[in-house]
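Read through the structure below, which is laid out as structure tokens, and then see the notes.
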Amino acid sequence: MGLELKPSKTRIAHTLIPEQSEDRIAGFDFLGHHIQQFPAGKYRSAKHPGTQIPLGFKTLITPSKDACKRHQREIKSVIKKHKHSSQARLINELNPIIRGWVNYYSNSNAQTTGELTRQDHLIVQKLRAWGRYRCGNLSQARRKYWTKIGNNNWVFATKEGDANPLRLLTHTEFGSSSTKYVKVKGDVSPFNGNLVYWSIRMGRSPDLPTRKATLLNKQRGVCPWCCLRFREGDILETDHILSRALGGKDEYKNLQLLHGHCHDEKTALDLEYSRKCKLIKYFEYVNKELEKSNWFWDENDILVTSEKRRRESH
């Protein structure tokens, strides 16, 4: 067919030993990723899939240096373009760039090697310069463009209203892992009806409610009550971690997926605990009411208050 390899983009490299590479550099770049192996001890080393014997090295897949530089150049151009724009417009244009870049490297070791933290640090430095340019000094820019959300004192967000401020996304809040992706089993297909497997893998299934599929994916197919895996044919029931009777809200962070029998056990315990709480609150209410008046036990073991004695005397 007349195909030829381009010499400038072709090199023979070893991923572990630099001396065995033609340019004495270990590892190689491919589609924006840098693949390289590093020596490791027996506890951190990768293991042979069959014998489980330590191999003496670990493989790291990270964003390449050129990809990181391109990403920062794009961020820089956007910030420079919005020197005189509102903070909201700047955030709206930066967030898709950050989200897309992190999603592309979601199956790499960018978080393990600290690359995501480094990207956030570089963006903060650029935003500090942006704020200093607009306000004249950093302290005034800090008060105007950064706010506190939770335990983070440096959140680049708008302050228009107290509810749901528009904030800049960070690379670290998405995370990444090269071991997160798992190959599809050879005998499994989306058409074979294995709802549990595909819900765990994808977080959605056409034959399962969205809430259950999402919880299956979040729990990685494990029932938190009995710590056993869900199997095809099991009864799956949604449960509130803190029951509604005790003030729990109907939101994802307060939901979990349990086996049917596990849900029955937990519901029984929740009802027992709820009754105890109501009884304690009732006794506390009675004690508060009794403290408002004089009372004593008569010879028939009947509680008599001063108000009751006053009515009987009349």
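Quick notes on this structure:
- Screening the candidates 123, 53, 61, 75 for the property of being of a type in the set (A, V, I, L, M, F, W, C), more than 23 Å from residue 30 (Cβ to Cβ) and touching a strand residue (DSSP E or B) at 6+ places or on another chain (Cβ under 7 Å) yields one hit, 53.
- Set side by side, the residues 189, 176 differ, and just one is among the small types (Gly, Ala, Ser), surrounded by 15 or more Cβ atoms within 10 Å (Cβ to Cβ), at pLDDT below 80 and not assigned by TED's automatic domain parsing to the domain that holds residue 107, which is 176.
- All positions within the range 29-54 that are in contact (Cβ under 8 Å) with a residue 40 or more places away in the chain and in contact with a Gly (Cβ under 6 Å, 6 or more places away or on another chain): none
- For the range 44-84, the candidate set comprises residues that are of a type in the set (S, T, N, Q) and exposed (fewer than 14 other Cβ atoms within 10 Å of the Cβ); within that set, the residue that is nearest to residue 105 (Cα to Cα) is 77.
- Residue in the range 4-16 that is touching a Leu at 6+ places or on another chain (Cβ under 6 Å), of a type in the set (A, V, I, L, M, F, W, C) and surrounded by 12 or more Cβ atoms within 10 Å (Cβ to Cβ) present: no
- Candidates are the residues of the range 204-251 that are among the small types (Gly, Ala, Ser) and over 19 Å from the mean Cα position of the chain (by Cα); the one that is nearest to residue 275 (Cα to Cα) is 245.
The values are calculated or read from the model by the stated rules, or taken from the named source; none is laboratory data. Given the structure is predicted, the values throughout are model-derived calculations rather than measurements. We place every Cβ from the backbone using ideal geometry, glycine too, and count neighbours over all the protein chains shown.
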